[in-house]
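Undergrad: Shown below is the structure under consideration.
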């Protein structure tokens, strides 16, 4: 358990932005921790990388129950996999599972809507007495 925590801390240290230690800096090569530091692109990217990816559980659950259920089940599984991967400290796997869960949920909803539309058209065609 401690090993997992140490690996997580190492990953956070690796992802943190480097300190300003250039010899041309105003402090003469010593890192500065003043509050007037400006945020660079690397600061925002590293803090973005540490955010919890959305699991899209609600969307996956809806697509599983109300739309095309085979894709909905896969989306539900991937949404659960997102939380497990993040809990283990695997941020890349969590992000990938989150994106896949979102796309499978959306695809399931699209297939479900197309299926419902085709069913309504077939029912209207049948009830009107004309062959499809």
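The values are calculated or read from the model by the stated rules, or taken from the named source; none is laboratory data. Computed from a predicted model, the values in this text were never measured in an experiment. Here the Cβ is made from the backbone with ideal geometry for all residues, glycine too, and neighbour counts use every protein chain on show.
Undergrad: Tell me which of these residue 96 doesn't satisfy, since it passes every other one: (1) in contact with a helix residue (DSSP H, G or I) (Cβ under 7 Å, 6 or more places away or on another chain); (2) within 14 Å of residue 55 (Cβ to Cβ); (3) free of Cβ contacts under 8 Å to residues at least 12 places away in the same chain.
TA: If we test residue 96 against (1) in contact with a helix residue (DSSP H, G or I) (Cβ under 7 Å, 6 or more places away or on another chain); (2) within 14 Å of residue 55 (Cβ to Cβ); (3) free of Cβ contacts under 8 Å to residues at least 12 places away in the same chain, just (1) comes out false.
Undergrad: For the range 75-93, which residues satisfy the criterion of being in contact (Cβ under 8 Å) with a residue 60 or more places away in the chain and not in a helix (DSSP H, G or I)?
TA: Across the range 75-93, the qualifying residues are 88, 89.
Undergrad: Within the range 60-80, is there a residue that is at pLDDT 85 or above and farther than 20 Å from residue 111 by Cβ?
TA: yes
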